[in-house]
Every structure is written in structure tokens, then in C-alpha cells.
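These notes concern the structure reproduced below.
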Amino acid sequence: MLEPIQPVNEILPQPINNQPSGLDIPKKRSKSKIALVIIGVFVFLTLVVAGSAFLWYNAQLKPAGNDISELKLVKIEANSTPSQIGQLLQDKSLIRSSFAFEIYARINQKSANLQAGTYRLSPAETTPQIIEHIVNGAVDEFSITFYPGATLVDNTSKDESKKTDVTTVLKKAGYSTDEIKAALADKYDSPLFAGKPATADLEGYIYGETYEFGTGTTVHGILTRVFDEFYSKVKENKLVESYAAHNLTLYQGITLASIIQKEVNSVSDQKQVAQIFFTRLKTDMVLGSDVTYQYIADKTGVARDVNLDSTYNTRKNKGLTPGPISVPGLTALTAVAQPSAGDYVYFLSGDDDITYFAKTYAEHEANIISHCKVKCAIQ
């Protein structure tokens, strides 16, 4: 008899030597795919992290600021580590990241070559540029320019880039506010200060010129050099003798020159204004200089007022101001020594920036009407 035929669905593959049947193969492929996906995700995340780290690193090497004129004084002590140097630079806002600084120095084999010393660095430099600067270890020289007509402090402008006062100039050269204040309060021994009251500050004495200094120069050292330069101009132009001929001490001559410096700019105008001021002093008139009350108003932070109650207001008080109101340039200093001839008594700066002189008050009033409708209305 024929054996009964088994149903197809009962014919199953039998394991050979206890090995799994071929029907398990798709499970193997599924596990392989999962492994590949995991590896792919891992590689992708690694690339993302590495790429982000690379972008961060390069961003941290960029300048911390953009003002190339801003310099900061940095003293790196002997035996400082790259990490310590980087932290010092970051604390002074010269670099973005001390960590990136250290990485760059090590990758580029600069770590062992960073040299101790005093440097003038700008936040507008990149980290690699700053590192090269320190590696070279060059003793920096720098220049400082003080300006005629400048004051010790400028309280009138909020735009730091446009300020030319002594304090701002020194800050831009890398000195701290505390260093500057201390140096301006110091005592200096120079014949330049003959006649200067002991309680008077250094207003009017920071002579306008460009000076060259070595990096380690202190603010005190800078000012000492400035005073030496100023006195050399005093001697060279025989200002002490010339002022004495006008019954002025050196201090009084500098004070008058500082007022003239703020009033007019051209050499000829300065000499003529000197003549007017001498005429007024001799005839017991007030100087009537608007820049004097404006100076003290700005310095003390009050509104400019022609009737301001102050000894610096020469609209109300006879004689000179108690001291200089700005630093006079050489032309203003020599204008006091050698004023122009003439019998003018009044002057004004017109709306067209031309200086108009008058011998009588009637002529002066006519000049106001004709040439000073705007400026004279806002004094």
C-alpha cells in the first residue's frame, strides 16, 4: 500500500547537526543592519561634535575686539605657564579663550617659547598674532600724542573714540584709571611749575606733542618727560622773560595762553586776541571769555550758564581764571609773549568761523547782528 501523503504544511526542514535552519537567516541580516545604523549614527555625531569643536576653536582665535588703537599693558612674569598666560590675557579681554590660546600654543609648538616681559597688546589682534608677539619677546616702543587745547578729563562727550583729553589718551595707551589718577596726583619737581599753587592740579601742563616711549614706562615717567619737553619750549622761546615784561608770572602766562587756545585757532587771531585781553586787563575790564565759564561748567558737571557763580567765570569776574583751562600750544604761548599791535577791545567767532574784531561796543554789536546770529544766540 502507498503511504499516505503528508500535508505540505507538515513538511518542515529538519535541523542538521543541531544547526539552525535556513529560515533564521533574515534575523541575522536585520541585526547587521541595526549595527550599521548605530555605527553610522555614531560616526555622524562624532563628525558633528568634531566640526562644532573646530568651528568653536577657530572662532576663539579671532580678535576679542576691533579697536586697533586700543592698547593694553600686560606684564608676563618669568616661569609663567601657557595656561597662566592665557588666563591673564583673557582677564584683560585681549583674547576670547585661554583654553584656545593654550591649544594653539601647544599644537604649534609655541608653549616653550613664550617669553616673560612687558607687552603692549591690542584686542584687535588675533590669538596667533598675540602669541607671535610674545614669542618674539621684542621690547615694544610706542608713541603717545597729547593735543593742544585738551583738558585732563573730558566730561562732555560720550564717544570715547573722539575724545582727546589726557586721561583718555593714556587709557588708550594701555594704562589703568588708577595708574592715571595716581600719576596726575603725584608731585613733580620742575621749574615749569614756578608760581603754580601747591593745591592746583596739572591742568594746562600736559604739553601737546607726540612722544616715543619704551613699553615699561610708567605714567609718572611719561608725565615727567612731557614736563621736560614743555620747559624746553619755555626756555627756547624765553617765555619767562617775555611774560615778566607783561607783568605776568609763568603760571599766569600759561593760564592766559590756555584761554586764548580755546578761543581761537589761527596764529594771527591768537596774537590779536592776546592784544585784546591785555587791553582789558590793563583797563580793569573783565576778560569776558565764554570758554572760561564753559570749562568750569563741564568740569563740575553743571549746565553752562553765562551767570555761573564761579571764579572761573570771566564774564563776571575781573582778572585771569585761577589756573589754566586747557593745555596751550606753542602758538598760543608765544601769542601771550608777543601780542599783535592794535586797539581792539572786542572779538567774536562768527557763524562762518571767521573771527571779527571791534574797537567799540557798537561795532561789536553790529558784528553780532551781521555775523553771529546762530553762535551768539546759544552762548
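Figures for the structure shown
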item: The lone exception for ILE368 - which of (1) in contact with a Cys (Cβ under 7 Å, 6 or more places away or on another chain); (2) in the same structural domain as GLN261 (by TED's automatic domain parsing) it fails; result: (2)
item: Complete set of residues in the stretch 346-379 that are among the aliphatic types (A, V, I, L, M), within 41 Å of the chain's Cα centre (by Cα) and not in a helix (DSSP H, G or I); result: LEU348, ILE354, VAL374
item: Residue in the stretch 76-99 that is part of a helix (DSSP H, G or I), surrounded by 19 or more Cβ atoms within 10 Å (Cβ to Cβ) and touching a Gly at 6+ places or on another chain (Cβ under 9 Å) present; result: yes
item: Looking only at the stretch 276-311, and only at residues there that are of a type in the set (Lys, Arg) and either assigned to a loop (DSSP other than H, G, I, E, B) or touching a residue at least 40 places away in the same chain (Cβ under 8 Å) (or both), the one that is nearest to ASP343 (Cα to Cα); result: ARG280
item: Residue check, LYS171 assigned by TED's automatic domain parsing to the domain that holds GLU212, modelled with pLDDT under 95 and in contact with a helix residue (DSSP H, G or I) (Cβ under 8 Å, 6 or more places away or on another chain); result: yes
item: Filter result for SER80 (within 21 Å of PRO63 (Cβ to Cβ) and at pLDDT below 95); result: no
item: Among the residues listed as LEU256, LEU239, the single one being in contact with a helix residue (DSSP H, G or I) (Cβ under 6 Å, 6 or more places away or on another chain), under 23 Å from TYR356 (Cβ atoms) and surrounded by 15 or more Cβ atoms within 10 Å (Cβ to Cβ); result: LEU256
item: Residue count for the stretch 126-150, restricted to those that are within 15 Å of LYS299 (Cβ to Cβ) and more than 15 Å from the chain's Cα centre (by Cα); result: 1
item: Any hit, the stretch 86-106, residues being outside the structural domain of LEU170 (by TED's automatic domain parsing), more than 21 Å from ASN136 (Cα to Cα) and touching a residue at least 60 places away in the same chain (Cβ under 8 Å); result: no
item: Residue match in the stretch 151-167 (condition: over 13 Å from the mean Cα position of the chain (by Cα) and at pLDDT 95 or above); result: yes
item: Qualifying residue in the stretch 152-174 (condition: surrounded by fewer than 16 Cβ atoms within 10 Å (Cβ to Cβ) and within 24 Å of GLY216 (Cα to Cα)); result: no
item: Of all residues making up the stretch 216-256, the number that are under 27 Å from the mean Cα position of the chain (by Cα), in a helix (DSSP H, G or I) and among the small types (Gly, Ala, Ser); result: 1
item: Conditions (1) outside the structural domain of VAL135 (by TED's automatic domain parsing); (2) modelled with pLDDT under 90: number failed by GLN60; result: (2)
item: Given (1) buried (at least 18 other Cβ atoms within 10 Å of the Cβ); (2) over 21 Å from the mean Cα position of the chain (by Cα), number of the condition ALA116 does not satisfy; result: (1)
item: Among (1) under 13 Å from LEU121 (Cβ atoms); (2) in contact (Cβ under 8 Å) with a residue 24 or more places away in the chain; (3) surrounded by 15 or more Cβ atoms within 10 Å (Cβ to Cβ); (4) out of contact with any Lys or Arg (no Cβ under 6 Å at 6 or more places or on another chain) - the single one LEU71 does not satisfy; result: (4)
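The values are calculated or read from the model by the stated rules, or taken from the named source; none is laboratory data. Remember, predicted model here, so these are calculated numbers, not experimental data. Cβ: placed from backbone, ideal geometry, glycine included. Neighbour counts: every protein chain shown.
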